[in-house]
Amino acid sequence: MSGAEATEAAEALHAHLGGGITTVCRCWSVTRAEGEVLGFTDHDESLSFDGISFRANTGLTAKALVQGTGLSVDNTEALGALMSEAITEEDLQAGRYDGAEVRAWMVNWTDPSARLLLFRGTIGEVSRSNGAFEAELRGLTETLNQPQGRVYQPQCSAVLGDGMCRFDLTAPGYAAEVPAEAVDDGRVFRFEGMDEFDLRWFERGRLRVLTGESAGLVGIIKNDTLSNSGRVVELWQKLPGQIAAGDIVRLEAGCDKREETCRLRFDNFLNFRGFPHIPGEDWLMSYPKRSGQNEGGSKFGSRLFAGLGGTLDG
């Protein structure tokens, strides 16, 4: 909806509220990370607008919305019953709603074109008990509470394949989509063959589930070993969903954040986001000495020049 259309819809709702007798309800949409959009309403009949079907009788209600001026964070909470046709405990436990975008409207249910967007934000902390859930909803200004800026450290601060790294993980040789031959407790995956990839090639990489009941889940790889029977990949944490043998998973190469790895394995040193020449803690704790070179120049430059066969005296 464009800005002009939103203004027109809000004016129509304002005119309706001024009429004395109102027919309003609230609607919510939840957009998960993989793109699936769910709609809910506290009206007794389903509604539809903006290409979203808002289902009634889902057991979802909302508390009062707390809004403020300035940079204060708008917040509210959503309460609901865990229902198989709406929000399930398995999906919540699997993290499918972590960080999902939420929008809330006040709508004239006799004319859904008359509506006002009251809230837009993301799902925060979710708690579950006795067959119900309670989700904290955080406004857009919540992102201002997150630490920003770069970290000055020898290792790279980017995530392999993200906007800072810019490495293309779809390049040949850096990922594989294969069926899991066996899965132990959602944490250890066994594959036949796959000896074309070096030992520990996928360590620190990601395992993405592409098919099956747990499609969309992602785990970080802890160990990647080879044996005569095939390849064994172990995750740091158990994936919460049900993963069966035969489900297709995608294994992505890992990065240990060192500049040697970035340069030699990925040929991506121009995008390296670390500072490999920062002095270490031993250098910071050292004390002045009379011996050695004390000309006030760069210690790294001195070592580099000496390594090339030169001398500081020319």
**Q.** Kirkwood Rh in Å, taken over all unlike Cα pairs in the range 117-221
**A.** 18.2 Å
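Within 10 Å of each residue's Cβ, count the other Cβ atoms and sort Arg32, Arg231, Arg200 from fewest upward.
Neighbour counts put them in this order, fewest first: Arg200, Arg32, Arg231.
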(Q) Which of Trp283, Trp105, Trp201 has the fewest other C-beta atoms within 10 Å, and how do the rest follow up to the most? (A) Trp283, Trp201, Trp105
Q.
For a quick size check, give me the Cα extents of the range 155-296 along its three principal axes, largest first, whole Å.
A. 67, 29, 26
Q: For the range 1-48 and the range 113-168, write down the distance between their C-alpha centroids in whole Å.
A: 24 Å
**Q.** In the range 138-195, the chymotrypsin sites (Phe, Trp or Tyr not before Pro) that fall in loop regions by DSSP, at most 12 other Cβ within 10 Å
**A.** Tyr152
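If N is the number of residues in the range 175-252, what value comes out of its Cα radius of gyration divided by 2.2 N^0.38 Å?
0.95
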Q: Determine, for Trp236, Trp28, the number of other Cβ atoms within 10 Å of each Cβ, and report the residues in order from fewest to most.
A: Trp236, Trp28
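Just so you know, all these numbers are worked out from the coordinates, no wet-lab data involved. Source: prediction; values computed, not measured. Neighbour counts run over all protein chains shown; Cβ positions are idealised from the backbone, glycine included.
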